[in-house]
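So the structure is just underneath, and the comments pick up after that.
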Amino acid sequence: MAHHNLSMLWQKAHLRLWLAVLLPAFLLSGCISPKQTRATRTLLKVEDASQTQMMAEVNRFARVGSMKAKMDLKFEDNSFAQFGSKEVYRAADGEVVVQRPANIRLTVKVPVIKTDVAQMTSDGTKFRVAVLQDGGSGKYKKFVMGSNEADYSVLQKELSRSDGDGAIKQNVNAFANLRPQHFTDAMLVRPTDGQHTYTVSTIYEDEEDLGQKEKSPLRLVTRGYYLLDEYARAADGTLTISRRFWFDRVAGLRLAKQQLFDSKGELESDIVYGREGNLSDGTEYANLPLRIQVTRIRDKYTMSLTYQMPEEVVIGKTYPATAFVLQNSWGLEEVNLDDKLREAQATVPANSNQNTATRIQ
């Protein structure tokens, strides 16, 4: 028994000896091992600004009461974004006339040959679209009318890939189903007012600047933004977000994005403002975006508008109301979407959850 106890004591002493030697060595080896350096995104330095400054910047954009400009229009079809793909159409020429409160006239032309593909107007309440070229068949040359606030999701609108001139057909497929009112709030930013409630918060976004070289430390960055949220108050006192402004805080304060929401707080438009410059031939409208990108989430498309000659943009001219009500001077077949919508809704039983799709022929 004495021998057994002695053996146990020796084993415990031996274990303590190994722990006394190995544990410090293990800890020491961790302390003196070379540090691992890993690349990370560059955190850009941000600057501070007040809510008053942000609201003043929104109102500076809102000083533009009317505008006439020639633009490059580029369309992206996001219908298959859920599968990680999209169709990007080549740029078309466009002429845009906008005027407060919500008037717009947009003409789309095929590049080089300058043939009108479509003309469209909105007076803030109704829109009209004339499809003037459809690739040769003439089947889709129509005059479409509708209401800005109507929901036409139960209507199925499409253009077939008919034979004909490829350049014309491509641009028809891209632009025929656009709605002009989608671009008024992008180009004519509404000022802030006392009827809405405003709050400020901050956010940081990981971004990739494709304009930088691949190995540049500024290729992958973390950029800070202020968010200026605008809320509308309902009759029951609840607040619903109506607009959100993103202000870039790097190297000053710049309005980088505007987001528009519907009455349920769902995102409708995501509007990105590109690099800034001077519009018109003076200095009164300096530091305004030279490129505007509008993404319509539900309509599944993105449109980029870039000023062709910023110095030739006309700002401040007053246009008659008739300029924003397109007339069917071409004698095109007329399609009233409001009538189509009523017909589609009338065919759906009251207890049915199925959507009725009506094709515009």
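Checked against (1) aliphatic (A, V, I, L, M); (2) farther than 16 Å from Ser329 by Cα; (3) buried (at least 21 other Cβ atoms within 10 Å of the Cβ), Ala118 meets all criteria but (2). Only one of the listed residues (Ala321, Ala346, Ala286) is surrounded by fewer than 13 Cβ atoms within 10 Å (Cβ to Cβ), of a type in the set (Gly, Ala, Ser), out of contact with any Cys (no Cβ under 9 Å at 6 or more places or on another chain) and over 24 Å from Glu149 (Cβ atoms). That residue is Ala286.
Find all pairs meeting these conditions: Cβ atoms under 6 angstrom apart; at least six residues apart or on different chains; first residue within segment 268-285 and farther than 14 Å from Val189 by Cβ; second residue at pLDDT 95 or above and loosely packed, with under 14 Cβ neighbours inside 10 Å. Sorted first by the residue in segment 268-285, then by its partner, the pairs are Asp281/Glu311.
Among the strands (runs of 3 or more DSSP E) confined to segment 77-134, there are none with at least 3 residues that are of a type in the set (Lys, Arg) and under 27 Å from Thr322 (Cα atoms). Residue count for segment 191-236 satisfying the condition of being in contact with a helix residue (DSSP H, G or I) (Cβ under 7 Å, 6 or more places away or on another chain) and either in a strand (DSSP E or B) or aromatic (Phe, Trp, Tyr) (or both): 4. Of all the residues in segment 282-313, those that are β-branched (Val, Ile, Thr) and closer than 17 Å to Gln181 by Cβ number 5. So which residues in segment 294-342 are among the basic types (Lys, Arg) and either touching an Asp or Glu at 6+ places or on another chain (Cβ under 8 Å) or over 19 Å from Lys68 (Cβ atoms) (or both), if there are any at all? Selection gives Arg296, Arg298, Lys300, Lys340, Arg342. Within segment 241-283, being acidic (Asp, Glu) and either surrounded by 16 or more Cβ atoms within 10 Å (Cβ to Cβ) or assigned to a strand (DSSP E or B) (or both) holds for Asp248, Glu268, Asp270, Glu276.
Sort out which residues of segment 82-106 are within 30 Å of Ala62 (Cα to Cα) and surrounded by fewer than 19 Cβ atoms within 10 Å (Cβ to Cβ), and write them in order of number. Within segment 82-106, Ala91, Glu95, Arg100, Pro101, Ala102 meet the criteria.
For beta carbons closer than 6 Å, sequence separation of 6+ or different chains, a first residue in segment 65-85 that is farther than 19 Å from Lys109 by Cβ and a second that is at pLDDT 95 or above, the qualifying pairs are Gly65/Arg100; Ser66/Gln99; Ser66/Lys317.
The values are calculated or read from the model by the stated rules, or taken from the named source; none is laboratory data. Keep in mind that this is a model prediction, so the values were computed, not measured. Virtual Cβ from ideal backbone geometry, glycine too; neighbours counted across all protein chains shown.
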